[in-house]
Amino acid sequence: MFPLQRGRRLRVNESIRSLVRETSLSPSDFMFPMFIAEGENVKVEIPSMPGIFRRSIDLTVEEVKELYDLGIRAVNIYVKVSENLKDNTGKEAWNSNGLMQQAIRAIKAACPEMIVMPDVALDPYSIYGHDGIITNGDVENDSTVDALVKMAVSHAEAGADFVAPSDMMDGRVLRLREGLDAAGFQNVGIMSYSAKYASAFYGPFRDALDSAPKEADVVVPKDKKTYQMDYANRIEAIKEALSDVEEGADMVMVKPGIAYLDIVREIKNTVHVPVTVYQVSGEYAMIKAASERGWLDHDKIMMEQLMCIKRSGANLISTYFAKEAAILLNK
């Protein structure tokens, strides 16, 4: 029979489409990644990320207040530390008066309801640009994990709501949970970068923090492929997410975003904790570059990608578009 069911009846106008829409976005779906610089009244745009800045703590606090007023409820923070503070141990990472710790305290004092999730990894503090301690030409797993525990506890002491280990060391979630609990921070959560792929999409981020692997006078890995995941792998991502949940992760993350939505759905179907997706710097930069040239409609492609990430199973989206998208949604 000629179709009794016509899908187009449910697409006749926007009112009908909105009634049957399966996925929706709100500002509270977003987490805004922020880059923090030393000094006062500092605001430096990152050339490969138009509209994104490294800000000093005072200006970061003002931006956080604006984000909260827009309905955004979480920030993921990263610091750019001075070269003279970098070494192979990363010891500046757990300095109680370090840039990250000062930033956490300032944000929580100014906007207590904003959820602060500081990055836990050694690459901003490493003279080699790696996420851990270099020993015998490679990133040494267990000594790095010991350092990450000290780093995470210092974040909790400063007032962090969650810690966000992005390092991809084996066993680090368990050790972080044990370390936080032993220090009395049972209510500080862990958002683990569980399926973090060795991706070429991270280039602008590494420009922002000067955290790319560097040439050195000792043997060091030329890239991060010995600890970040092979982008050809799917089952491995499920295994990593399950392992992190078993070790105590409260949330898991897939990174990058739009090219990995199959992984997001696989993990969403497997674990019973919230799933975060990081729409990374290269994804942001590609949309900005194409829209500047008139090849794409900026706002439409931004919202389409964010909606697709949410539709794939994301409970939370870490995105540099958070502020722009929230402004559009609030209109």
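The values are calculated or read from the model by the stated rules, or taken from the named source; none is laboratory data. No experiment lies behind these values; they were computed from the predicted model shown. A quick note on method: Cβ atoms are made from the backbone with ideal geometry, for glycine too, and the neighbour counts reach across all protein chains shown. Just the protein is used for accessible areas: all its heavy atoms, side chains included, with ligands, DNA and RNA removed. Shrake-Rupley method; radii C 1.70, N 1.55, O 1.52, S 1.80 Å.
Values for this structure:
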read-out	value
For SER194, residues with placed amide H under 5 Å, excluding near neighbours	MET253
Heavy-atom SASA rank of LEU70, LEU174 (probe 1.4 Å, accessible area, largest first)	LEU174, LEU70
Estimated inter-spin distance, ASP181 and ALA290, nm [label 7 Å along Cα→Cβ]	4.6 nm
Phi to ³J(HN,Hα) by Karplus 6.51 cos²θ - 1.76 cosθ + 1.60 over region 47-56, Hz, x for Gly, Pro	x, 7, 9, x, x, 10, 10, 8, 10, 5
The chain, helix-only ellipticity at 222 nm - DSSP H runs n ≥ 4, -39,500 (n - 2.57), divided by all residues, nearest 500	-11500 deg cm²/dmol
Within a Gaussian network of the chain (alpha carbon springs, distance under 10 Å), most fluctuating of ALA200, ALA158, ALA109	ALA200
At R0 = 41 Å, FRET efficiency that the Cβ-Cβ distance of ASP69 and LEU4 yields, to 0.05	0.25
At most 15 other Cβ within 10 Å, DSSP loop - GluC sites (Glu not before Pro), region 158-245	GLU215
Choice from GLY39, GLY203, GLY257 with maximal GNM fluctuation in the chain (Cα, 10 Å cutoff)	GLY39
Within region 200-300, trypsin sites (Lys or Arg not before Pro) in DSSP loop having at most 15 other beta-carbon neighbours inside 10 Å	LYS214, LYS222, LYS225, ARG234, ARG293
Whole-angstrom gap from region 176-211 to region 282-308, using each part's C-alpha centre	26 Å
Average accessible area per residue (Å²) across the chain - probe 1.4 Å, nucleic acids and ligands excluded	45 Å²
Distance in nm between pseudo-label sites at ALA198 and LYS222 (7 Å out along the Cβ direction from Cα)	1.2 nm
Solvent-accessible ranking of GLU40, GLU22, largest area first, probe 1.4 Å	GLU22, GLU40
Antiparallel bridges, percent of DSSP beta bridges restricted to region 1-151 (to nearest 5)	30 percent
Using a Förster distance of 56 Å, the FRET efficiency for GLU14-THR135 (Cβ separation, nearest 0.05)	0.40
Distance between region 94-149 and region 218-263 - C-alpha centres, whole angstrom	19 Å
Antiparallel content of DSSP bridges confined to the chain, in %, to 5	15 percent
Of all accessible heavy-atom area on the chain, the percent that carbon and sulfur account for (1.4 Å)	51 percent
Estimated dipole of the chain in Debye, rounded to 20 [Cβ of Lys and Arg +1, of Asp and Glu -1, Cα centre]	1600 debye
Length added when fully stretched, ALA232-HIS272, from 0.36 nm per residue minus Cα-Cα	11.9 nm
Pairwise Cα inverse-distance average, inverted: Kirkwood Rh of the chain (Å)	20.5 Å
Kyte-Doolittle at least 1.6, axis length at least 24 Å by Cα - qualifying DSSP helices, the chain	none
Region 253-331: C-alpha pair distances exceeding 21 Å, %	27 percent
Highest-fluctuation residue, LEU25, LEU209, LEU67 considered, GNM on the chain with Cα pairs under 10 Å	LEU25
Fully extended contour minus Cα-Cα distance, from ASP207 to LYS80, at 0.36 nm per residue	44.7 nm
Shape call, region 108-215: gyration tensor on alpha carbons, a/c limit 1.5	oblate
Region 1-78: trypsin sites (Lys or Arg not before Pro) falling in loop per DSSP and having at most 13 other Cβ within 10 Å	ARG6, ARG21
